[in-house]
């Protein structure tokens, strides 16, 4: 996670710390405005390279130079890159997540929201596990992309994964329904639960590649699709012009 209200419980952080300290007893429950409740098994957040999806593996292969892992969670991506000799910093708004990253041996960690982070001259910005989610809504995307642009060197890259969730609106007869309360079909509202704690509702953005490319070019990037995953997901590379 990369954005959390100060009054909200640090649910991801608590779950990560519980697993790291051997107190893990349950999964994180995800409550969605679009579909049925789902679960995130906490051990999955500590996965190694071989257990990562192809889009994540390819992103880690492409990462180079001074790298910022945005929304680092338990630090699995940062740890892999650090072990490759890459100068990587793990950034997350969750205090618990950053504590876990530090305890797992990640040398550089920052507890911050990405919009509050102003260090510059990065070669690579890494946004994994539906990295576009932090944009919250399509309307906010330009604000985030322009800020990310300001953090990069000219020629630097953003490696970001997302999914086109249009399939979730398809009816049995092949027609599509639309949530009229949303400006864009990839906007979803979530809550998360863990050990009797429930977060406030927060917005999360899934963005199709064509729309991401349009937004990226408006913010001063070139944009290309690197690889498609098995279930409407993809990895994109945005290069600062």
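The values are calculated or read from the model by the stated rules, or taken from the named source; none is laboratory data. What you are looking at is a predicted structure, and each value in this text was computed from that prediction instead of being measured. Note: ideal-geometry Cβ built from the backbone for every residue, glycine included; neighbour counts use all protein chains shown.
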Let me confirm something: among 158, 165, 70, 114, which residue is at pLDDT below 95, touching a strand residue (DSSP E or B) at 6+ places or on another chain (Cβ under 9 Å), within 30 Å of residue 33 (Cα to Cα) and surrounded by 14 or more Cβ atoms within 10 Å (Cβ to Cβ)? 165
Can you pull out every residue in segment 202-211 that is without any contact (Cβ under 8 Å) to a residue 60 or more places away in the chain and either touching a strand residue (DSSP E or B) at 6+ places or on another chain (Cβ under 6 Å) or surrounded by fewer than 17 Cβ atoms within 10 Å (Cβ to Cβ) (or both)? 209, 210
Can you tell me which condition residue 134 does not meet? The list is (1) touching a helix residue (DSSP H, G or I) at 6+ places or on another chain (Cβ under 6 Å); (2) buried (at least 21 other Cβ atoms within 10 Å of the Cβ), and all the others hold. (1)
Quickly run through segment 73-90 and pick out the residues that are closer than 16 Å to residue 151 by Cβ and buried (at least 24 other Cβ atoms within 10 Å of the Cβ). 88, 90
Residues 133, 105: which one is modelled with pLDDT of 95 or more, farther than 19 Å from residue 218 by Cβ and assigned to a helix (DSSP H, G or I)? 133
Out of segment 84-102, which residues are outside any helix (DSSP H, G or I) and without any contact (Cβ under 8 Å) to a residue 40 or more places away in the chain? 84, 85, 86, 87, 88, 89, 90
Need a quick list: helices (runs of 4 or more DSSP H) entirely within segment 1-83 having at least 2 residues that are touching a residue at least 24 places away in the same chain (Cβ under 8 Å) and over 21 Å from residue 98 (Cβ atoms). 54-62
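Yes/no per residue for (1) surrounded by fewer than 17 Cβ atoms within 10 Å (Cβ to Cβ); (2) over 20 Å from residue 230 (Cα atoms); (3) in contact with a strand residue (DSSP E or B) (Cβ under 7 Å, 6 or more places away or on another chain):
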position	(1), (2), (3)
10	no, yes, no
13	no, yes, no
21	yes, yes, no
33	yes, yes, yes
50	yes, no, no
53	no, no, no
